Protein chains: 4
Amino acid sequence: MARSPMMRDRVSASILDAAATLLAEEGDSASMAQIAASAGVGRATLYRYFPTREALVRGLSSAAIDDLAGRIDAAALDQVPVREAVARTVRAFVTAGATWAALARIGREDWKDPVDLETRVVTPVRALLERGVADGTLRRDLPAQAVVTLFTGMLELGLRLVLEQGLGVEDASATTTALFLDGAAAQES
Amino acid sequence: MARSPMMRDRVSASILDAAATLLAEEGDSASMAQIAASAGVGRATLYRYFPTREALVRGLSSAAIDDLAGRIDAAALDQVPVREAVARTVRAFVTAGATWAALARIGREDWKDPVDLETRVVTPVRALLERGVADGTLRRDLPAQAVVTLFTGMLELGLRLVLEQGLGVEDASATTTALFLDGAAAQES
Amino acid sequence: MARSPMMRDRVSASILDAAATLLAEEGDSASMAQIAASAGVGRATLYRYFPTREALVRGLSSAAIDDLAGRIDAAALDQVPVREAVARTVRAFVTAGATWAALARIGREDWKDPVDLETRVVTPVRALLERGVADGTLRRDLPAQAVVTLFTGMLELGLRLVLEQGLGVEDASATTTALFLDGAAAQES
Amino acid sequence: MARSPMMRDRVSASILDAAATLLAEEGDSASMAQIAASAGVGRATLYRYFPTREALVRGLSSAAIDDLAGRIDAAALDQVPVREAVARTVRAFVTAGATWAALARIGREDWKDPVDLETRVVTPVRALLERGVADGTLRRDLPAQAVVTLFTGMLELGLRLVLEQGLGVEDASATTTALFLDGAAAQES
DNA sequence: CAGTAAGCGAGACGGTACGTCGGGTCTTACC
DNA sequence: GGTAAGACCCGACGTACCGTCTCGCTTACTG
């Protein structure tokens, strides 16, 4: 059936859109019925695409991770100096995150698809940080895994600057990048 | 009734304990009935103390903030050099946070009592950072509000190092402090 | 709890009443929600009393059989001549049945609680017919079990005369009794 | 298309067969999908032939009534004595009914096509009973309409003897006929 | 020391969301 | 042009949880 794949994607997309909007607005209290209605689709159809509320959130998360992974790929992190690559990473996350604000309103563990996120986002970031350590751009006296965690966490903080404080994407990214790279302490020239 | 106040506190405490444990274990899916049972208390009594699930979470949050505020007071932030005060703040939060892991599993906006947290925790932190800027310890080229947000966010990240990666409290605090103050970039000689 | 048993009965009765009315009116298409609403009770409460639609119908059936068994007991079938006892049985069934018209609109096998109906209604009827055969009032050339089945079936037919044809209870009973006892053929002088 | 009419009948027949079997086995809980599958036909096709579940049941009923009407016609009721004609009617119904056991498991009002049944079955029966009254074979002291209802009802009871008690068709018919004509009371010679 | 008022457990209740399922309508591809 | 496949909407079903309520009991203060 030719229409199947296309239609499936269209419907799926409109459901994800509606879900993203509603969940961002009303948080976890948005009901499946509301989401279905807001997607212009029957409740049964919603369940056909995402058999569970949790599956829907995972779908949202998958889309977000796809989006983010695309931006990170496009950033060509391994072809620019480490400091620039870090800046691009922050900018990519903050920009993407603004699109998927819904996920910021939902519990942490729920949506982090452990596989996708790890392989498609964390891995390049880890590689970037390792390259930085290797070429002497980044300090080597901090535990690597902890730095990865802190950096990915700071990506969310940069997003929070935009969502909760109304900072511009560029300002938020720049500040976050600056803090991560050089810290808050005044440089003792 | 003389026993009232004491009893109220005892019961309230055991409810909060049970809630903290259960919510930390099972997240948002723990039901009020489970919490009541696990506190050795009738469901009705639970509702007498916390008329709403949200009120219960707020109670948890209040206790956590009390705890944290106590530690911050005890840290005498304004009587030690800024760098040391920052380290103490991180350590205080990470230490306290481990006790209140439950709150880390629940959505952001739910539990942040906007008043208490702001006045008792954020204010001293803001003061500390302002002092740092004023005395030249901290850089002045970053937007103050954003730095406050990033720093408080990094406190949570430090906690995450402990909860999710099994890092020790001291290591997590040290790494977080180092990253916040001096950044990840290698110092240029 | 003193109120429990009484209240349970009151609520249960009002649910059964509402169910009887609605099912008699609209047949199987009446929804559980409608029944609950019409009983002045929440849907959840309805399910607390009758965990399944089928259980509700069984409850209806139980009440109907109780009712009918009471009337049959009151008829003292074994203390009057067989012909009179047959007449009383028919009258009892037709009278009771009019109260439980709902069950006439629902599938046969669903509601016939095989135990209660058999022991409390069919047994006395069988005894009555056997007595009739023994004392020479009833013919002995027909298979006993078949006669029991035909008689109990004719009870339903007598009820049908009332429900579907608007015959009076007395007329319907008399005609049914007459047909069962003496048949439709003219007595040969 | 020349093959249409034939095909329509073939498909229609296989659907009716499947429906009769399934409904007889599982009662009202058989789903349209099951019936379609069991007829080796797509669900959509089933709906093309019988746009509604109710229409399908009516179709079943129509076929049953056709069958029954054929047998009644063949019985030449008006050309034999009344008692014999009654016996033939009972035998016709019981024989036909065994083929359409499905309908015995479904609610009364659903399948009785008011037109067909009335004109093709009840009318001859009524005529037969009226003839009996007119020629003195049947008693005249019972309300005619009620006797018709009771007699048609007893036809179903005779069928029930076969379906539920395993009686042979001949025995069941004979007993039912005997009971209807001469009653259960011993003849007072 | 007996009476009493408060807090407690137990649990029924109305309401609402969830996930499942069947009915009936429709479109698309195949033959 | 009719058939099979199957997506879609609608609404009922049965389950679970929330927050409210009313009981009857215990318990610790009070006259």
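Here, each number is a calculation from the coordinates, and none is a lab measurement. All values derive from a computational prediction rather than experimental measurement. Here Cβ is always computed from backbone atoms with ideal geometry, including for glycine, and neighbour counts include all displayed protein chains.
Summarising the label geometry, the points placed 7 Å from Cα in the beta-carbon direction at residue D:115 and residue C:37 lie 3.5 nm from one another. Modelled label positions at residue B:74 and residue C:84, each set 7 Å beyond Cα in the direction of Cβ, lie 9.6 nm from each other. Axis angle, to the nearest 10 degrees, between helix D:123-134 and the longest C-alpha principal axis of chain D: 0 degrees. Counts of other chain beta carbons within 10 angstrom of each beta carbon in peptide D:171-177 average 3. If you take each beta carbon of peptide C:22-32 and count the beta carbons of other chains within 10 angstrom, what is the mean? Neighbouring Cβ atoms belonging to other protein chains average 1 per residue here. Remark: spin-label model distance residue B:123-residue A:45 equals 5.4 nm, labels positioned 7 Å along the Cα→Cβ axis.
The orientation-averaged projection of the convex hull spanning the C-alpha atoms of the protein assembly as shown amounts to 48.8 square nanometres. Angle check, please: helix B:144-165 long axis (alpha carbons) against the longest principal axis of chain B (alpha carbons), in degrees 0 to 90, nearest 10. So the helix axis and the longest Cα principal axis differ by about 60 degrees. In region B:1-104, the C-alpha radius of gyration followed by the widest Cα-Cα span (Dmax) gives 16.3, 51 angstrom. Measuring between their Cα centroids, region D:137-163 and region C:31-66 lie 35 Å from each other.
By the Cα gyration tensor, chain B has an equivalent ellipsoid whose semi-axes, rounded to whole angstrom, run 36, 18, 14 from largest to smallest.
The mean number of partner chain beta-carbon atoms within 10 angstrom of a residue's beta-carbon across peptide B:128-139 is 2. Principal-axis analysis of the Cα atoms of chain C puts helix C:53-74 at an angle of about 40° to the longest axis. When the convex hull of its Cα atoms is viewed from all sides, region D:47-143 shows a mean projected area of 7.0 nm².
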